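Every number in this text was worked out from the coordinates using simple rules, so none of it is lab data. Nothing here was measured: the structure is a model prediction, and the numbers come from that model. Reconstructed Cβ throughout: ideal geometry from the backbone, glycine too, with neighbour counts over all protein chains shown.
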Amino acid sequence: MFREVNGKLHVEGVNIEEIAESGTPVYITSKAMLENNIESYRAAFPDARMLYAVKANNNISIMRIISKKGFGADVFSDGELYLALLAGFKPEYILFNGNSKSRKEIEYGVRTGVKFSVDSVDELHAISEVAKEENKEVKIAFRINPDISPDTHPKIATGLKKSKFGIPWEEVIDAYKTAVKLPGVKPVGIHCHIGSQITDLSPFVEALNRIVDVAKKVEKLGVELEFLDLGGGLGIDYHAEGVPAPSELANKLMPTFRERIAELKSEPQLWLEPGRSIIGNTTILLTRVNSVKKAYKNFVAVDAGFNLLIRPAMYNAYHRVSVANKMGQKEEEEYTVVGPICESGDILAENRKLPKVERGDLIAVFDAGAYGFVMSSQYNGRPRCAEILVDRDRWFVIREWESFCDVVGKQIVVDF
Ligand SMILES: *Cc1c(COP(=O)(O)O)cnc(C)c1O
């Protein structure tokens, strides 16, 4: 879907130069690529339910494509719940996640009829109170902390013993005991999520085994389990060196799932919550070169920085980059691509061999669809950029460029 035609990068049938004429920087998403990713999950896990992790990318046009394919949604705030409902996800397949839900968020979740992933017994009591007031019964799962260390960046490993998420798996049975007795809440599932950008599959199997171990004990309390939710976390191929596809995850996981599920009385469905592996590789961030400078290094200064893509600065993340209007040209020199933000850490790509870069060139930053725009800010007074969706040879603005109005918008000037 991203390929070279006559030296120019094309997204499906569209030359990125044509889009860049409307303005840069800009996020550009390939609809076909997104549909491919969705289909590969559906084909790999025909009997499982997939909940798209909204936090990876919450653009409504994009999420509508995902919801129409039968996915549910995993949301982490009332704002994400609001967006997920707008995008057409069905409340019964929305799981309201989060380790710190406010009273207002719980009320919104209870009223809309979504399921809750409960992060503590304290939160369970809060949900029970609201459910009683609203005369509702809320289906819940506890988020367990499985104490598993996947090989990923520490900031995105979420199931470590010392992590803030979930209830230690050894202690969660007491939480279920409490839930069985409390009015307004009904335990129907078990939830965990071990982290993100995981490319070694064995931690997923470990987590599944943990969940089933817990499930056996939970069932003894008279709980009928509807789902076991293994979370998201499958990594994508930032380095273009080959990473496991959803089908490989399924091959690794499903034999264990089938074997171990037979040990249970109920027949819970497997739930998964992919985010990055659905949307990450569908999108580039296209940015224009403002200037090239030979200093300590060859610096290419572009119009997008960590205000729009914070992953390199925050996680030391690697994103492939290309000179999008000089595709296929000989890579002559080593460059470091930096943004316009007043911070030394504002580096998008370090020490990359690229064709000779000049002012006005376009740099494509690949695999920017997940945790890209959603983590953007207006730092340095910069309006956020637009998002574009490409469908074959047509393209659509799915989020407009912000203007100074958006930067000033909520400020109230007190004139002393
Ligand atoms: C972030 C998150 C996901 C999605 O993770 P990816 O690595 O993007 O697939 C799924 N479930 C939960 C609970 C999360 O916090």
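Criterion first (under 24 Å from residue 56 (Cβ atoms), surrounded by 15 or more Cβ atoms within 10 Å (Cβ to Cβ) and in contact with a Cys (Cβ under 7 Å, 6 or more places away or on another chain)) does residue 395 satisfy it? When the stated conditions are applied, residue 395 does not pass them.
Please verify whether residue 366 is surrounded by fewer than 13 Cβ atoms within 10 Å (Cβ to Cβ), of a type in the set (A, V, I, L, M, F, W, C) and in contact (Cβ under 8 Å) with a residue 24 or more places away in the chain, treating the condition exactly as stated. Considered against the rule, which asks whether it is surrounded by fewer than 13 Cβ atoms within 10 Å (Cβ to Cβ), of a type in the set (A, V, I, L, M, F, W, C) and in contact (Cβ under 8 Å) with a residue 24 or more places away in the chain, residue 366 comes out as no. Scanning the range 186-195 turns up one or more residues that are aliphatic (A, V, I, L, M), within 16 Å of the ligand (Cβ to nearest atom), touching a residue at least 24 places away in the same chain (Cβ under 8 Å) and out of contact with any strand residue (DSSP E or B) (no Cβ under 6 Å at 6 or more places or on another chain). Taking every residue in the range 150-169 that is without any contact (Cβ under 8 Å) to a residue 60 or more places away in the chain and pairing it with any residue that is of a type in the set (Lys, Arg) and more than 14 Å from the ligand (Cβ to nearest atom), at least 6 positions away or on another chain, the pairs with Cβ-Cβ distances below 6 Å are 169/210.
Checking the structure you have, find out if any residue of the range 217-224 is more than 16 Å from the ligand (Cβ to nearest atom), surrounded by fewer than 17 Cβ atoms within 10 Å (Cβ to Cβ) and without any contact (Cβ under 8 Å) to a residue 24 or more places away in the chain. Give the steps one after another, and end with the answer.
Our first condition is that a residue be more than 16 Å from the ligand (Cβ to nearest atom); within the range 217-224, this holds for 217-224.
Checking the rest, the ones that are also surrounded by fewer than 17 Cβ atoms within 10 Å (Cβ to Cβ) come to 217, 220-222, 224.
Imposing the further condition that a residue be without any contact (Cβ under 8 Å) to a residue 24 or more places away in the chain reduces the set to 220.
Within the range 217-224, one or more residues are more than 16 Å from the ligand (Cβ to nearest atom), surrounded by fewer than 17 Cβ atoms within 10 Å (Cβ to Cβ) and without any contact (Cβ under 8 Å) to a residue 24 or more places away in the chain.
Looking at residue 335, is it under 16 Å from residue 358 (Cβ atoms) and among the hydroxyl-bearing types (Ser, Thr, Tyr)? Considered against the rule, which asks whether it is under 16 Å from residue 358 (Cβ atoms) and among the hydroxyl-bearing types (Ser, Thr, Tyr), residue 335 comes out as yes. Take residue 120 and decide whether it is surrounded by fewer than 17 Cβ atoms within 10 Å (Cβ to Cβ), within 16 Å of the ligand (Cβ to nearest atom) and more than 17 Å from residue 179 (Cα to Cα). No; evaluated as a whole, the condition is false for this residue.
If you go through the range 196-210 and keep only what is touching a residue at least 60 places away in the same chain (Cβ under 8 Å), in contact with a Pro (Cβ under 6 Å, 6 or more places away or on another chain) and either surrounded by fewer than 24 Cβ atoms within 10 Å (Cβ to Cβ) or more than 28 Å from residue 177 (Cα to Cα) (or both), you end up with just 210.
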